[in-house]
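A.B. asks: Take this structure, written in structure tokens, and hold onto it; I'll ask about it next.
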Amino acid sequence: MELLVSLMVSSIIFGAIATIAHAMSTANTHMDEMGKRQAHLRHSSLRISSLIRDSIAAWRLDYNVALWTGDSNADGGINADEVIYIETSSDGARISLVDFPDDNRAATVSSVKSGNFKSLMKSENKARTTDLITDCSSVWFELVGDEFVSITFNMDDGAGSCKYQICETLAGSGAHLIDTEGLIN
């Protein structure tokens, strides 16, 4: 009888230990995933901030911000490989970069600002899209003046929705130097 009671007590204790071990393992896995997600978010935020800060001009479109990264070939105008769009999907579930690394055709300010340039490049399969932030919602782009860019979005952290914001100022705005044809005055 005493042996049976001690076996029952032991099984209850071992069950409790197993439950605690499982809970700790689950919490550890969840924390690892959250840590990886936060690290990815920090890296993406830094990349976006760096792109904005190092650009010469920025223009806001409906679901995009267009950046002119500078006159890399010194031709006095905007070329495809010098333009980067920060865009969100139509459902606002991701933030992506769209660039055109293998094309150096000229672009006008009006075509970049309207989004027609991006649409043309995508239709010709000249665009490279890189998803930076996924599983987000309510993405909003704002451009204050010609040089302050703000990107606001929500992400679910498991306990609820958290609001995030990436804000950056162009280090040396040159938008006033560009005419409507995309040429430097």
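A.B. asks: Just to be sure before I move on: is His40 surrounded by 10 or more Cβ atoms within 10 Å (Cβ to Cβ), under 30 Å from Leu170 (Cβ atoms) and at pLDDT below 85 in the structure I sent?
C.D. replies: yes
A.B. asks: From the list Ile12, Ile48, exactly one residue is among the β-branched types (Val, Ile, Thr), outside any strand (DSSP E or B) and over 30 Å from the mean Cα position of the chain (by Cα). Which is it? Quick ask: steps written out before the conclusion?
C.D. replies: On the way: Ile48 fails: over 30 Å from the mean Cα position of the chain (by Cα).
Testing whether each residue is among the β-branched types (Val, Ile, Thr), outside any strand (DSSP E or B) and over 30 Å from the mean Cα position of the chain (by Cα) leaves just Ile12.
A.B. asks: Among the residues of segment 51-79, write down those that are modelled with pLDDT of 90 or more and either farther than 21 Å from Asn116 by Cα or part of a helix (DSSP H, G or I) (or both).
C.D. replies: Within segment 51-79, Leu51, Ile52, Arg53, Asp54 meet the criteria.
A.B. asks: Only residues in segment 34-46 that are in contact (Cβ under 8 Å) with a residue 60 or more places away in the chain count as the first member; pair them with residues that are of a type in the set (Gly, Ala, Ser), Cβ under 8 angstrom, at least 6 apart or cross-chain, and list the lot.
C.D. replies: So the pair list comes out as Met34/Gly158.
A.B. asks: Within segment 54-71, can you find the residues that are among the charged types (D, E, K, R), in contact (Cβ under 8 Å) with a residue 60 or more places away in the chain and closer than 16 Å to Phe141 by Cβ?
C.D. replies: Arg60
A.B. asks: Further, regarding this structure: Which members of segment 113-146 meet the condition of being under 29 Å from His40 (Cα atoms) and assigned to a helix (DSSP H, G or I)?
C.D. replies: Step one: list which residues in segment 113-146 are under 29 Å from His40 (Cα atoms), which gives 115, 118-119, 121-122, 125-144, 146.
Result: Lys118, Ser119, Met121, Lys122.
A.B. asks: Just give me the residues in segment 97-151 being on the phi > 0 side of the Ramachandran plot and crowded, with 19+ Cβ neighbours inside 10 Å, in sequence order.
C.D. replies: Result: no residue meets the conditions.
A.B. asks: Check Ile78, Ile84, Ile20 and return the single one that is out of contact with any Gly (no Cβ under 9 Å at 6 or more places or on another chain), surrounded by 15 or more Cβ atoms within 10 Å (Cβ to Cβ) and aliphatic (A, V, I, L, M).
C.D. replies: Numbers: Ile78 fails: out of contact with any Gly (no Cβ under 9 Å at 6 or more places or on another chain); Ile20 fails: surrounded by 15 or more Cβ atoms within 10 Å (Cβ to Cβ).
So the residue among Ile78, Ile84, Ile20 that is out of contact with any Gly (no Cβ under 9 Å at 6 or more places or on another chain), surrounded by 15 or more Cβ atoms within 10 Å (Cβ to Cβ) and aliphatic (A, V, I, L, M) is Ile84.
The values are calculated or read from the model by the stated rules, or taken from the named source; none is laboratory data. From a predicted model like this one, the values you see are computed outputs, not experimental measurements. All Cβ positions, glycine included, derive from the backbone under ideal geometry; neighbour counts span all protein chains shown.
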